[in-house]
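Accompanying notes for the structure given below.
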Amino acid sequence: MQALVIALAASASALVAPARRAAPLKTPTKAAAVADAPTAVPDRVSKENPLRVVIAGAGVGGLTLANALDDCEHVDVTLVEKTSAFKRFGGPIQLASNAMQLFREMDDDIYDQIEHKFTWTGNLTNGIKDGIRDEWYAKFDLASPAAARSMPYTGVIERPDLQEILLGGLTDGVVANGVGVAGYEKTAAGGVNVAMEDGRVIEADVLVGADGIWSNVRAAMRDEPARGEGSGVSYSGYTVFAGELNYASPDNGEVGYKVYIGPNQYFVITDIGNGRYQYYAFLARAPGSAETEAKPDGTVPFLKKTFEGWSPDVHRILDATKEDEIEQRDLYDRPPSSIKPWSDGPVGLLGDAVHAMMPNLGQGGCQAIEDAFVLDQELRGLRKRSYAGEALKTYRNRRLVRSASVQGLSRFASDIIIRGFDTPAKIVTDDGPVRFENFNYAGIVTRLLQPILPVFFTVQFNFLYEGWRNEAALDLKAGVAIFGIGLLILAVGAGAVGDLAILLPFAGESLIGAEAFAGLSETISSILPSVDSLL
């Protein structure tokens, strides 16, 4: 459970190539009409007349897709990025086994470069600890599901290193810096005019919105604001304090990451390699608490007081933290939608633009990489431009249930840990008289969940590692197992979590998310006719 998400050196003067047709924008989300007739291109895709793909956004998903398509001789890819130059910015990103396997599948050279910069954590001890007593509560077996499938272990890499590797894999001229995509307009010929923020328009056959949680492409597609009310982006209910520093951890080389749990908050410590660590303090707060909650002595003293009485390890890493090594941010996510579109003709969405998720599973970037893998397969297989819309629909159908399930599981992890977990109840029988510690309802529930969680996590990791190819829209075996065990966890924790007791009849929605539940129903409905024909 750790966090997500990206930002090397390209010239600050590199700008988007002049659009073939220029016209001022009338609105921030729609392209103005192109004055002249569009460039005539044959419907059939070929090396001489390649598929013109524009990718908006140079995050991990956009860069991965650009690399995948760049070696395809019948695809001409352009990656446009709003920042005028890439800078070394951002902390580490987790690449779980499913993401590492995809890089190995897509490009051996890129995989080898990532591995060279990688810090392996999946082969170490990982899990949940009692935040007060500093005892292991449940351990995650990330290694066995990966080893059983001959997949690489999970680990972390610095975002700037990953970005540098992915940028280095691209042909000169693919990346265009200095202006972002404002919106688009479909053409009568079946293509798309990509509207840039400086008023220029680029003709393309396909536009992929990989422009993040506040996506302009999504806003134009759904005719909604990119931010704020009506955007579909929702505040998760949690704020996080993230720190990154040099730290002499007493369990260095033995533990990859540990999640300290306690009432209404939790604390994650992750080894990111070379003697450096990252931590996340998750607190249930109203949005904007960074401005409204007083911290007169600074952030570090505030956190030490907030986690007073917790594990010495929590306080050791806080004591080692300088004020400029920690930042606070509110967490937002958005479920993938089976109701609202993922695509609009030749325009599609990728990554956070369509399924931004909580960082608890470390799958935000991984799911964007899976998107890129599937999109690459669908786009490079196109032989006619007029089939682009169908290819994007197929991409959506392959990705909807899996991405929605991961998004729901990520939110479920936050809700159950912060709202359902407490310090586990314990009977202490040391030298003194017998003591009953934290024998309240939440403490007893937390103790009852202890033997269930390792089973749930095993099923969860098997689900993540088994379906990385996204060949099937629905993994019934893993889906039923996750749903069943998750339902049991919800049933046990319902009283402690409160409103989940009311929501229990709709536990599927609580567990995997409303959109995944809707997508599941839609997928089953699409399967039934073919099953019926066999009877």
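The values are calculated or read from the model by the stated rules, or taken from the named source; none is laboratory data. These numbers were taken from a predicted model, which means no experiment stands behind them. Cβ coordinates were reconstructed from backbone atoms using ideal geometry, including for glycine residues, and neighbour counts include every protein chain displayed. Side chains included, ligands, DNA and RNA excluded: accessible areas come from the protein's heavy atoms. Shrake-Rupley method; radii C 1.70, N 1.55, O 1.52, S 1.80 Å.
Note on segment 350-392: among residues that are of a type in the set (S, T, N, Q) and surrounded by fewer than 24 Cβ atoms within 10 Å (Cβ to Cβ), the one that is nearest to Gly232 (Cα to Cα) is Gln377. Among the residues making up segment 161-183, those that are over 16 Å from Leu79 (Cβ atoms) and open to solvent by less than 10 Å² (accessible area, probe 1.4 Å) are Ala182, Gly183.
Just to be sure before I move on: is Tyr153 open to solvent by 50 Å² or more (accessible area, probe 1.4 Å), at negative phi and either β-branched (Val, Ile, Thr) or in the same structural domain as Phe103 (by the TED database) (or both) in the structure I sent? Criteria met by Tyr153. Kindly check whether there is at least one residue in segment 294-306 that is more than 26 Å from the chain's Cα centre (by Cα), farther than 23 Å from Asn246 by Cα and not charged (D, E, K, R). Yes, segment 294-306 contains a residue that is more than 26 Å from the chain's Cα centre (by Cα), farther than 23 Å from Asn246 by Cα and not charged (D, E, K, R). If the condition is being in a loop (DSSP other than H, G, I, E, B) and open to solvent by 50 Å² or more (accessible area, probe 1.4 Å), then segment 439-470 contributes Phe439, Asn440, Pro451, Arg469.
If we scan segment 121-134, do we find a residue that is at pLDDT 95 or above and within 28 Å of Ala68 (Cα to Cα)? Among the residues of segment 121-134, at least one is at pLDDT 95 or above and within 28 Å of Ala68 (Cα to Cα), which makes the answer yes. Please work out which residue is farthest from the chain's Cα centre (by Cα), limiting yourself to segment 323-355 and to residues that are among the aliphatic types (A, V, I, L, M) and closer than 29 Å to Tyr247 by Cβ. It comes out as Ile326. Every residue in segment 245-292 that is open to solvent by 30 Å² or more (accessible area, probe 1.4 Å), of a type outside the set (Asp, Glu), assigned to a loop (DSSP other than H, G, I, E, B) and touching a strand residue (DSSP E or B) at 6+ places or on another chain (Cβ under 9 Å), please. Matches in segment 245-292: Asn252, Gly253, Asn264, Asn274, Gly275, Arg285, Ala286, Pro287. Selection of segment 123-141 for residues being in contact with a Lys or Arg (Cβ under 9 Å, 6 or more places away or on another chain) and of a type in the set (S, T, N, Q) yields Thr125, Asn126. Flag: Ala242 does not match the condition of being open to solvent by 20 Å² or more (accessible area, probe 1.4 Å), outside any loop (DSSP other than H, G, I, E, B) and at negative phi.
Could you list all residues from segment 184-224 that are among the basic types (Lys, Arg) and surrounded by fewer than 18 Cβ atoms within 10 Å (Cβ to Cβ)? Across segment 184-224, the qualifying residue is only Lys186. Within segment 293-307, the presence of a residue that is of a type in the set (D, E, K, R), touching an Asp or Glu at 6+ places or on another chain (Cβ under 9 Å), open to solvent by 30 Å² or more (accessible area, probe 1.4 Å) and within 30 Å of Ala188 (Cα to Cα) is excluded.
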